[in-house]
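Colleague: Just dropping this structure here.
The values are calculated or read from the model by the stated rules, or taken from the named source; none is laboratory data. The structure presented is a predicted model; accordingly, all values stated were derived computationally and were not measured. Cβ: placed from backbone, ideal geometry, glycine included. Neighbour counts: every protein chain shown. Each accessible area value is taken on the protein alone, full model and side chains, heavy atoms only, with ligands, DNA and RNA left out. Shrake-Rupley method; radii C 1.70, N 1.55, O 1.52, S 1.80 Å.
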Amino acid sequence: MKHIIMVALMVFAFAKAYSQGPPITADKPIMLGGNSFTMKTLTEIRNTERGTAVYVPVMLHYLPTANSLIALHVPYVNYDLSDTSGSGLADMKIMGKYQFYRKDGTGRTFRMVAKTLQTLPTGQEIDVMDISTGKYSGYYGIVSGLETLKYGISTEIGYNWMPDGTLDEFRTKLGFGLPLLKPQYPNKQLNLYFEYNSVWLHERDWYQLLYAQGIQYARKNITFDLAVQLPLIQEIADDRALNYSVFVGTRYTF
């Protein structure tokens with residue numbers, strides 16, 4: 001619990017900072033116009049003491065309106081772990097978002113969305129969090145974000161419920177960005193991201209605080225992402241400890 005409090009204090013410490021572009025490992029409540037699509041992928045190469053898993057999701061996001069979003073994630077995974085290896089379909093996911101609060105000012109906006117992520121048990125039961133567990137889970141959370149022309153911040157807090165497993169978790173995320181280019185049209189951005197992910201699996205008495213350093217390049221309606229994630233705190237079984245994760249992704253909006 002002390003770690004949850006520490007992360008909450010970090011969120012408040014950054015609350016007066018402002019980022020551009022969508023975060024890489026975090027999330028944000030900013031939505032594009034209604035009736036728009038985004039095709040994206042964010043490959044993760046996760047190396048742990050147990051072995052390595054390469055996760056490649058194909059994600060289609062659709063905005064029926066300017067304040068709602070539905071998405072389908074179809075992922076492929078290749079894994080070489082100490083106790084098993086293989087490849088194939090990982091756990092598919094269905095996401096929904098609804099923006100319930102918005103306040104705009106001169107050159108700034110603050111928004112909040114309700115978010116759910118339904119994970120379907122289509123993958124193998126290899127017990128790799130957020131990748132392939134072979135068990136159903138439902139995540140429910142709130143994402144908030146403050147953005148101006150210069151800086152921005154996004155936060156997320158939620159709970160992931162796995163009724164037939166032991167991966168129930170309290171999740172907190174913080175994404176802080178620094179744009180390196182002035183706003184321009186057509187869109188051209190180069191952004192740095194500093195992102196934190198706090199995970200407490202209370203049924204297993206595991207806790208992780210992870211930090212991701214990322215860089216993002218956006219040109220018109222195409223975005224390229226690169227991030228490296230490292231553990232800051234790990235109170236977890238030794239054979240499950242994270243060494244690092246590398247994220248490489250792209251997204252195209254139409």
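Colleague: Working only within the stretch 64-104, note down all residues that are over 20 Å from the mean Cα position of the chain (by Cα) and open to solvent by less than 40 Å² (accessible area, probe 1.4 Å).
Modeller: If the condition is that a residue be over 20 Å from the mean Cα position of the chain (by Cα) and open to solvent by less than 40 Å² (accessible area, probe 1.4 Å), then Tyr79, Leu81, Gly86, Gly88 are the ones that fit.
Colleague: Here's another thing I want to ask about it. Filter the stretch 15-34 for residues that are at pLDDT 90 or above and more than 13 Å from Met59 (Cβ to Cβ) and give the result.
Modeller: Pro23, Ile24, Thr25, Ala26, Pro29
Colleague: Test Val11 against the criterion of being modelled with pLDDT under 90 and open to solvent by less than 20 Å² (accessible area, probe 1.4 Å), and give yes or no.
Modeller: Numbers: modelled with pLDDT under 90: yes; open to solvent by less than 20 Å² (accessible area, probe 1.4 Å): no.
The answer is no for Val11.
Colleague: Can you confirm whether Asn197 is surrounded by 14 or more Cβ atoms within 10 Å (Cβ to Cβ), modelled with pLDDT under 95 and among the polar types (S, T, N, Q)? First the steps, then the outcome.
Modeller: On the way: surrounded by 14 or more Cβ atoms within 10 Å (Cβ to Cβ): yes; modelled with pLDDT under 95: no; among the polar types (S, T, N, Q): yes.
Against the criterion (surrounded by 14 or more Cβ atoms within 10 Å (Cβ to Cβ), modelled with pLDDT under 95 and among the polar types (S, T, N, Q)), Asn197 does not qualify.
Colleague: Kindly establish whether Val77 is at pLDDT 95 or above and closer than 18 Å to Met59 by Cα.
Modeller: Yes, satisfied.
Colleague: What are the residues in the stretch 202-215 that are in contact with a Ser or Thr (Cβ under 9 Å, 6 or more places away or on another chain) and assigned to a strand (DSSP E or B), if any?
Modeller: Tyr207, Gln208, Leu209, Leu210, Ala212, Gly214
Colleague: Would you pick out the residues in the stretch 160-189 that are touching a Lys or Arg at 6+ places or on another chain (Cβ under 8 Å) and open to solvent by 90 Å² or more (accessible area, probe 1.4 Å)?
Modeller: Matches in the stretch 160-189: Asp164 only.
Colleague: Could you look through the stretch 120-141, keep only residues that are in contact (Cβ under 8 Å) with a residue 40 or more places away in the chain and part of a strand (DSSP E or B), and pick out the one that is surrounded by the fewest Cβ atoms within 10 Å (Cβ to Cβ)?
Modeller: Val128
Colleague: Taking only the stretch 160-201 into account, find how many residues are assigned to a loop (DSSP other than H, G, I, E, B) and within 20 Å of Ile142 (Cα to Cα). It would help to see each step written out before you state the result.
Modeller: Our first condition is that a residue be assigned to a loop (DSSP other than H, G, I, E, B); within the stretch 160-201, this holds for 162-168, 180-187.
Next, from what is left, pick out any that are within 20 Å of Ile142 (Cα to Cα): 162, 167-168.
Residues flagged as assigned to a loop (DSSP other than H, G, I, E, B) and within 20 Å of Ile142 (Cα to Cα) within the stretch 160-201 amount to 3.
Colleague: Shifting gears a bit: Condition test on Tyr55, is it at pLDDT 95 or above, surrounded by 15 or more Cβ atoms within 10 Å (Cβ to Cβ) and more than 28 Å from Leu190 (Cα to Cα)?
Modeller: Spelling it out, it is not the case that Tyr55 is at pLDDT 95 or above, surrounded by 15 or more Cβ atoms within 10 Å (Cβ to Cβ) and more than 28 Å from Leu190 (Cα to Cα).
Colleague: Being free of Cβ contacts under 8 Å to residues at least 24 places away in the same chain and of a type in the set (Lys, Arg) is the filter here, so list the residues in the stretch 87-119 that pass it.
Modeller: Selection gives Lys103 alone.
Colleague: Further question on the same structure: For the stretch 46-77, give me each residue that is of a type in the set (Gly, Ala, Ser) and touching a residue at least 40 places away in the same chain (Cβ under 8 Å).
Modeller: Ala53 - this is the single residue of the stretch 46-77 that is of a type in the set (Gly, Ala, Ser) and touching a residue at least 40 places away in the same chain (Cβ under 8 Å).
Colleague: Still on this structure: Within the set of pairs 6 or more residues apart or between chains, which connect a residue that is open to solvent by 30 Å² or more (accessible area, probe 1.4 Å) inside the stretch 24-45 to a residue that is not in a strand (DSSP E or B) with Cβ atoms less than 6 Å apart?
Modeller: Matching pairs, first to second residue: Gly33/Ala66; Gly34/Ala66; Phe37/Phe254.
Colleague: Quick check, is Arg46 in contact with an Asp or Glu (Cβ under 8 Å, 6 or more places away or on another chain) and basic (Lys, Arg)?
Modeller: In short, no.
Colleague: Let me ask another. Report, by residue number, each residue of the stretch 142-157 that is surrounded by fewer than 20 Cβ atoms within 10 Å (Cβ to Cβ) and touching a residue at least 24 places away in the same chain (Cβ under 8 Å).
Modeller: Ile142, Ser144, Thr148, Leu149, Lys150, Tyr151
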